[in-house]
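A.B. asks: Provided herewith is a single structure, encoded as structure tokens, for subsequent inquiry.
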Amino acid sequence: MKLYEFGPTRSIRVRWTLQELGVPFDAEVVNLVAGEAQSPAFLKLNPAGKLPVLVDGELVLTESVAIVVYLADKYPEKHLLPAEPGQRAQACKWLLFAATELEQPLWRIAKHTVIYPEDKRLPADIDLAREEFTAMARVLDAHMDGRDYVVGDKVGVADFVLAYTLDWANEVGLLEEFPRLRRYFERMYQRPQAPMRIAAAFASIRA
Ligand SMILES: N[C@@H](CCC(=O)N[C@@H](CS)C(=O)NCC(=O)O)C(=O)O
């Protein structure tokens, strides 16, 4: 298996899952800053020009959430997704919640602060996105009351995806009113196979 990745990006979710599974994999850095995701060779792998990409034999898979679900399914003995359909559906729900309700406003904040050229940035959308993130973080925070993991009593890919997404929120100062969520994602990053935190990954690409 080969993971195409770059520093602080969503490829961290896939690296985290691979490291927790303890399976061998190759990794290739695609330097987004240098525009390498737009090279013809990379666009053949992912026409969207985005990371992460996982190649496993004939399978070329994009979308970080789809990749972590694939990996959990490929190694069912590691129990990174519940087998029971109801519990599995809950895990999928939180994976989608992470990508659509939590990450989507974070992505808007990133675009309107650093990614878009200045003349395309909409400062008003930053405020809206912060409000939307906070409302959805409240939902997760209430759910985490009395829980160690987002579903059941075992760690799984939904915890890794949520922890990465909460680390991102923490980087933009959105977790100040959520000490329980801070404790949750920091506990996940204390796991021995956890990847680099986003701040450290940014520092590593600047070095
Ligand atoms: N929904 C996709 C998002 C992928 C994505 O936007 N990746 C970013 C890095 S985190 C990227 O490669 N951006 C390059 C670009 O937009 O040019 C996923 O979760 O995999």
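The values are calculated or read from the model by the stated rules, or taken from the named source; none is laboratory data. Nothing here was measured: the structure is a model prediction, and the numbers come from that model. All Cβ positions, glycine included, derive from the backbone under ideal geometry; neighbour counts span all protein chains shown.
A.B. asks: Residue under question is V172, and the condition is that it be among the hydrophobic types (A, V, I, L, M, F, W, C), under 30 Å from E77 (Cα atoms), touching a Leu at 6+ places or on another chain (Cβ under 8 Å) and at pLDDT 95 or above; does it hold?
C.D. replies: Taking the combined requirement at face value, the residue does not satisfy it.
A.B. asks: Here's a follow-up. Would you pick out the residues in the stretch 187-199 that are under 22 Å from G22 (Cα atoms), under 16 Å from the mean Cα position of the chain (by Cα) and exposed (fewer than 15 other Cβ atoms within 10 Å of the Cβ)?
C.D. replies: Across the stretch 187-199, the qualifying residue is only Q193.
A.B. asks: Next question. How do the pairs read when you match residues in the stretch 115-141 that are assigned to a helix (DSSP H, G or I) with residues anywhere that are of a type in the set (D, E) and buried (at least 17 other Cβ atoms within 10 Å of the Cβ), using Cβ under 6 Å and keeping only pairs 6 or more apart or on different chains?
C.D. replies: Hits for this filter: M136/E101.
A.B. asks: What's the number of the only condition in (1) surrounded by 15 or more Cβ atoms within 10 Å (Cβ to Cβ); (2) closer than 16 Å to T9 by Cα that I115 fails to meet?
C.D. replies: (1)
A.B. asks: Which residue out of L18, L71 is touching a Leu at 6+ places or on another chain (Cβ under 7 Å), under 22 Å from R191 (Cβ atoms), away from the ligand (no atom under 14 Å from the Cβ) and assigned to a helix (DSSP H, G or I)? I'd like the intermediate steps shown before the answer.
C.D. replies: On the way: L71 fails: away from the ligand (no atom under 14 Å from the Cβ).
One residue alone meets the criteria, L18.
A.B. asks: Given (1) within 22 Å of V14 (Cβ to Cβ); (2) within 16 Å of the ligand (Cβ to nearest atom); (3) among the hydrophobic types (A, V, I, L, M, F, W, C), identify the lone condition not met by L81.
C.D. replies: (2)
A.B. asks: Out of the residues in the stretch 23-45 that are assigned to a loop (DSSP other than H, G, I, E, B) and either outside the structural domain of A72 (by TED's automatic domain parsing) or farther than 13 Å from K2 by Cβ (or both), state the one that is nearest to the ligand (Cβ to nearest atom).
C.D. replies: At the first step, the residues of the stretch 23-45 found to be assigned to a loop (DSSP other than H, G, I, E, B) are 23-25, 30-35, 39.
Among the residues that remain, those that are also either outside the structural domain of A72 (by TED's automatic domain parsing) or farther than 13 Å from K2 by Cβ (or both) are: 31-35, 39.
Values: N31: 11, L32: 5, V33: 10, A34: 12, G35: 8, S39: 12 Å.
My answer is L32.
A.B. asks: Just checking, does the stretch 166-179 include any residue being assigned to a helix (DSSP H, G or I), of a type in the set (F, W, Y), closer than 15 Å to E101 by Cβ and touching an Asp or Glu at 6+ places or on another chain (Cβ under 8 Å)?
C.D. replies: yes
A.B. asks: Right, another one. Going by the conditions given, is A194 small (G, A, S) and assigned to a helix (DSSP H, G or I)?
C.D. replies: For A194, the condition - small (G, A, S) and assigned to a helix (DSSP H, G or I) - is not met.
A.B. asks: Which of the residues that make up the stretch 40-76 are surrounded by 14 or more Cβ atoms within 10 Å (Cβ to Cβ) and either more than 27 Å from Q193 (Cα to Cα) or of a type in the set (F, W, Y) (or both)?
C.D. replies: F42, L45, N46, G49, Y70, Y75
A.B. asks: Y149 passes all but one of (1) in a loop (DSSP other than H, G, I, E, B); (2) closer than 26 Å to L80 by Cα; (3) touching a residue at least 12 places away in the same chain (Cβ under 8 Å); which number fails?
C.D. replies: (3) is the only condition that Y149 fails.
A.B. asks: Taking the stretch 1-14 on its own, how many of its residues are more than 8 Å from the ligand (Cβ to nearest atom), crowded, with 20+ Cβ neighbours inside 10 Å, modelled with pLDDT of 95 or more and over 10 Å from the mean Cα position of the chain (by Cα)?
C.D. replies: Result for the stretch 1-14: 3.
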